[in-house]
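Colleague: Please read through the structure below; I'll follow up with questions.
The values are calculated or read from the model by the stated rules, or taken from the named source; none is laboratory data. Given the structure is predicted, the values throughout are model-derived calculations rather than measurements. What goes into the accessible areas is simple: the full protein's heavy atoms, side chains included, and nothing from ligands, DNA or RNA. Shrake-Rupley method; radii C 1.70, N 1.55, O 1.52, S 1.80 Å.
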Amino acid sequence: MHPPFRLAVPIPIRFRDTDAMGHVNNAVYLTYLEVARTAYWQRVFGIRSYSEVDFVRARAEIDYLVPLFVHSDAEVWIRVSEIGRKSFRFAYELTADGALAVRAETVQVMYDYARSASKALTEAQRAAILAFEEPGSVRPHD
């Protein structure tokens with residue numbers, strides 16, 4: 001366990017993820033976060049198809065602390081840190097070989113693709129998130 005995080009997603013680092021300097025290219029980290037988001041949504045809601053995912057990423061912020069290499073044993077810890085009426089924030093910690101390598105946050109907005117507009121989180125979605133996360137660890141916001 002890595003409190004208050006409850007979900008860790010292993011990340012296999014591929015040779016193609018690296019750049020000419022031999023470390024993981026900065027743009028690839030967004031893919032690692034996406035892998036973790038997919039695992040979270042599958043775990044918390046049982047979603048198996050991307051067509052069932054009804055949110056879009058509105059913001060991403062990444063702090064690179066140490067480089068990753070193709071031989072690194074990496075995993076992304078993910079949790080919802082903040083929840084609002086139409087959006088929520090994921091917090092991430094990517095560890096490699098036991099050390100913190102990256103801290104990141106993304107903001108997701110619930111989205112109705114048919115209307116091309118934001119929408120509210122359902123009560124079932126909110127309840128599932130709060131039931132999965134460590135009690136008291138999710139901040140509410142408007």
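Colleague: Using a Gaussian network model on the chain with a 10 Å cutoff between Cα atoms, which of Glu93, Glu75, Glu61 fluctuates the most?
Modeller: Glu61
Colleague: On the principal axes of its Cα set, how long, how wide and how thick is segment 31-125? Give whole Å, largest value first.
Modeller: Result for segment 31-125: principal-axis Cα extents of 44, 24, 21 Å.
Colleague: Would you please give the residues with an amide H less than 5 Å from that of Ile11, counting only those at least 5 places away or on a separate chain, with H modeled from the backbone geometry?
Modeller: When sequence neighbours closer than 5 places are left aside, the close amide H contacts are Ala74, Glu75, Val76.
Colleague: Long-range amide H contacts for Arg6: which residues qualify at under 5 Å (H placed 1.01 Å from N, peptide plane, sequence gap of 5 or more or a different chain)?
Modeller: Amide H to amide H, under 5 Å and 5 or more residues apart or across chains, Arg6 pairs with Ile78.
Colleague: For segment 1-63, just run the numbers: alpha carbon Rg, then divide by 2.2 N^0.38 Å, N being how many residues it has.
Modeller: So segment 1-63 has a normalised radius of gyration of 1.31.
Colleague: If you average the C-alpha positions of segment 94-142 and of segment 1-41 separately, how far apart do those two centres end up, in angstrom?
Modeller: 17
Colleague: In deg cm²/dmol and to the nearest 500, what is the mean residue ellipticity at 222 nm of the chain if only DSSP H runs of at least 4 residues count, each as -39500 (n - 2.57), divided by the residue total?
Modeller: So the helix-based figure for the chain works out to -6500 deg cm²/dmol.
Colleague: Additional query: Tilt of helix 123-132 relative to the longest C-alpha principal axis of the chain, in degrees (0 to 90, nearest 10)?
Modeller: Roughly 40 degrees between the two axes.
Colleague: In Å², and per residue, what accessible area does the chain have when probed at 1.4 Å with the other protein chains present?
Modeller: Normalised by residue count, the accessible surface of the chain is 55 Å².
Colleague: Also: Of the accessible area of segment 59-142, with the probe set at 1.4 angstrom, what percent is carbon plus sulfur?
Modeller: After summing per-atom areas, the C and S share lands at 52 percent.
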